[in-house]
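Asks: Following this message is one structure expressed as structure tokens.
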Amino acid sequence: MWPRMNNWPVTWALVVPLVAVALVAALGAARNTKRLPDRAKGWIDLAMLVVASGGLLVEAILLATASGAVTLSTGLRFSISPASRLVLLAANASLLCALFFSWHNNQAKARASLRSEGVATLRSPLLASALLAGALLVDNRLVAVLCLMLAALVVSATTLAGPVVAPDDDEGAAQPDLARRLAGGLKHLSLASLGTGLLVAGALLLSRYGLNLDNKGLLQLGLGLLAVGLMVRAGAMPFSAAAADMVESSPASAIIMLGAATPIVLAAGLLMFGSVEGSLRASSAAWLGAIAALLAGVLALAGAEKRENQQQRILALLIAASVSMQIGWALFGVLSGSRSGAVGALLIATNLELAVPLVVVSSLNWEQPKNRSVVGLALGVGSLMGLPPFGGFGGMVLVGQAAVNAGGVWLAVLLLGTGLVAAGWLRVGIGGWALGTGDNAYSVILTVPFILITGLAIAQLALFAMSGQLATYLTTWANLPWLTAP
């Protein structure tokens, strides 16, 4: 199993998060030692946070400096490309936000010490980081799909085992929140299993086609299964049932799922299609992405009705619909077979990794920083709508160009879906609602939520400013057989 290394950072980018998981687990075990002074427990809590965040940061540095490939003795080959580098770096930023949010929320509930369930929430982003990196770096389609499935298991386990978010720990409020958390975790696991099965079937058919090049029907069936499997696994409408439940009841899991795993799924899907000669496909399945965006708009408009005692649910639904709409745009770009669509899809995936933690953290009711949270929510929603000067603009423009080349009707469908989502937000407004967190002691300005919101807002402006350079950086790579159109 030892790698024959052409470039050691690629290897350590996969190993460092796992080492950090082991260290966090060891520190958690030491913290549970009987008769340990409270002061020592506090230092161990801080050490766990430093180790966990350090693991993600070191992995990001290794990904930024890595190049070339690593081959294991089993024959598995791990290589890094501009696309995987960009998406993985942004995914680590999203996972870092989930890490700090989990730590902060548990610290606030425990007053001064991290509860035992909080240790698990520190390990989840690290495990997800290692699995998602493996999914994008490995050259074997089946192994990539397996890594994505294991990442889904991590998300579901975090959702099912995590602490309940309920105002003032009220038992009556906790029961429906627990039900939504269980529903979200089980829905996500079910859809991920279905999507994994479709992706595996499609990958096997494409491999079989390589042995029987005259059977074009086998190729079309394999491509169709891959396209539908990607749609299901990415959580595009109508396969986004788990998103709203997670946003409302398990925000950290929602950030990991929507802000890190989903963009990696989209990028991995593009790499799966990359080796297929685009001229061999009889027809494009890009219309699946356009329909997904339209259905997300219908969901947002239909659910955006102010009802008493339903504010939290509607806000979570609108966030889920907005993310699903962007997934539809990215899915169209991946399946369009054009370089502009592929580059746009990668930029949208990168934007999701920065916009999702922004809207999720900003939507929470932090009481004192409420005004700043409303600004963060507005910035995040504007980015998901593709408005300038936010990060989602560049990617949606490129995917729109691909839609025009494929036929103007698909651009109209994509824009209609986006308009319906925007109408849903306008119908309820942004400023009046927020999800509860059960913690109202946020009178200090420099809190973790405020720092996260401010940093992510700055990242949105930076992504918009660098969209041109990033598009050029990705275009030099996007010379894949699948991308035959400009």
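The values are calculated or read from the model by the stated rules, or taken from the named source; none is laboratory data. Predicted, not measured: the structure shown is a model, and the values here were computed from it. Here the Cβ is made from the backbone with ideal geometry for all residues, glycine too, and neighbour counts use every protein chain on show. Calculation scope for accessible area: heavy atoms of the full protein, side chains included, ligands and nucleic acids excluded. Shrake-Rupley method; radii C 1.70, N 1.55, O 1.52, S 1.80 Å.
Asks: Hey, could you check the range 231-258 for residues that are without any contact (Cβ under 8 Å) to a residue 60 or more places away in the chain and small (Gly, Ala, Ser) and say which is most open to solvent (accessible area, probe 1.4 Å)?
Replies: Looking at the filtered set, the residue picked out is Ala241.
Asks: I would also like to ask the following. Of the residues that sit in the range 21-35 and are outside any helix (DSSP H, G or I) and out of contact with any helix residue (DSSP H, G or I) (no Cβ under 8 Å at 6 or more places or on another chain), which one is least open to solvent (accessible area, probe 1.4 Å)? Working first, answer last.
Replies: First, the residues of the range 21-35 that are outside any helix (DSSP H, G or I): 32-35.
Narrowing the set further to residues that are out of contact with any helix residue (DSSP H, G or I) (no Cβ under 8 Å at 6 or more places or on another chain) leaves 33-35.
On the way: Thr33: 73, Lys34: 181, Arg35: 234 Å².
Ranking the qualifying residues of the range 21-35, first place goes to Thr33.
Asks: If Gln460 satisfies every condition in (1) in a helix (DSSP H, G or I); (2) modelled with pLDDT under 75; (3) among the polar types (S, T, N, Q) but one, which is the exception?
Replies: (2) is the only condition that Gln460 fails.
Asks: Within the bounds of the range 111-119, is there any residue that is modelled with pLDDT of 90 or more, assigned to a helix (DSSP H, G or I) and among the aliphatic types (A, V, I, L, M)?
Replies: no
Asks: Select from the range 407-427 the residues that are at pLDDT below 90 and either under 23 Å from Ile255 (Cα atoms) or touching a Pro at 6+ places or on another chain (Cβ under 9 Å) (or both) and list them in ascending order.
Replies: The answer is Gly424, Trp425.
Asks: Within the range 88-110, take every residue that is more than 16 Å from Leu57 (Cβ to Cβ) and open to solvent by less than 10 Å² (accessible area, probe 1.4 Å) and give me the one that is modelled with the lowest pLDDT.
Replies: Of everything passing the filter in the range 88-110, Asn106 is modelled with the lowest pLDDT.
Asks: What pairs can you find where one residue is in the range 13-26 and modelled with pLDDT of 90 or more, the other is in a helix (DSSP H, G or I) and polar (S, T, N, Q), and their Cβ atoms are less than 8 Å apart, with a gap of 6+ or different chains?
Replies: As it stands, the answer is Pro17/Ser129, since those pairs meet every condition given.
Asks: Based on what the data block shows, is Val298 modelled with pLDDT of 90 or more and farther than 21 Å from Phe100 by Cα?
Replies: Yes.
Conditions (1) charged (D, E, K, R); (2) in a helix (DSSP H, G or I); (3) touching a Gly at 6+ places or on another chain (Cβ under 9 Å); (4) open to solvent by 10 Å² or more (accessible area, probe 1.4 Å), marked per residue:
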| residue | (1), (2), (3), (4) |
| --- | --- |
| Leu346 | no, yes, yes, no |
| Ser373 | no, yes, no, no |
| Ala378 | no, yes, yes, yes |
| Leu398 | no, yes, yes, yes |
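Asks: I would also like to ask the following. Out of everything in the range 45-87 that is open to solvent by less than 10 Å² (accessible area, probe 1.4 Å) and in contact with a Leu (Cβ under 6 Å, 6 or more places away or on another chain), what residue ends up being farthest from Ala26 (Cα to Cα)?
Replies: The selected residue is Ala83.
Asks: Would you confirm, using the coordinates I've provided, whether Val397 is touching a residue at least 24 places away in the same chain (Cβ under 8 Å) and more than 24 Å from the chain's Cα centre (by Cα)?
Replies: Judged against the criteria, Val397 is not a match.
Asks: Can I ask one more? Name the residues in the range 165-194 that are at pLDDT below 85, within 17 Å of Pro251 (Cβ to Cβ), open to solvent by 40 Å² or more (accessible area, probe 1.4 Å) and not charged (D, E, K, R), would you?
Replies: Listed by number, the residues that qualify are Pro167, Pro176, Leu178, Ala179.
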